[in-house]
Amino acid sequence: MKEKLILGSKKEVVKEEDPWMKGNKEWKIRVGYRLAEDEERSCKACKYRIRIKYHGKSFNKCEKLGLSHSEATDIRLKCICNLYEKGESRVYDADYGYWIK
Ligand code: SF4
């Protein structure tokens, strides 16, 4: 967050977007991340998808986008991008720290 001084004393608070969040949004735009028309041809069926199991929940990430704890790198199974390649996704158990498949 940044404060901008206006007319000597009045301040306007300008909220800046987190650069990490912004970078991921830009990546998604660059690769044409969008809703898929067909479930068979979507992130769900892409070889770059990684399902991370953590504390009883599952998070879907993309190997091409990069992994982080942030929801900014979450992907939706019903979406697709131009980097799509058909294949089996991998599953990582973050509670125990090993690859299930
Ligand atoms: S490469 Fe594209 S289609 Fe494949 S998982 Fe990542 S975002 Fe989804």
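What the table below lists for this structure:
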read-out	value
Candidate set: region 63-77, residues that are within 10 Å of the ligand (Cβ to nearest atom) and over 14 Å from Gly23 (Cβ atoms); chosen: the one nearest to the chain's Cα centre (by Cα)	Ile75
Residues of region 39-67 satisfying the condition of being out of contact with any strand residue (DSSP E or B) (no Cβ under 8 Å at 6 or more places or on another chain), in a loop (DSSP other than H, G, I, E, B) and surrounded by fewer than 14 Cβ atoms within 10 Å (Cβ to Cβ)	Glu39, Glu40, His55, Gly56, Gly66
Cβ-Cβ under 6 Å pairs, at least 6 apart or on other chains, region 10-33 side farther than 14 Å from Cys62 by Cβ and at pLDDT below 90, far side part of a loop (DSSP other than H, G, I, E, B) and not β-branched (Val, Ile, Thr)	Lys15/Met1
Positions within region 80-101 being of a type in the set (Gly, Ala, Ser) and under 20 Å from the mean Cα position of the chain (by Cα), in sequence order	Gly87, Ser89, Ala94
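The values are calculated or read from the model by the stated rules, or taken from the named source; none is laboratory data. Since we're looking at a predicted model, the values are computed, not measured. Quick reminder, even Gly has a Cβ in these numbers, built from the backbone with ideal geometry, and neighbours come from all protein chains shown.
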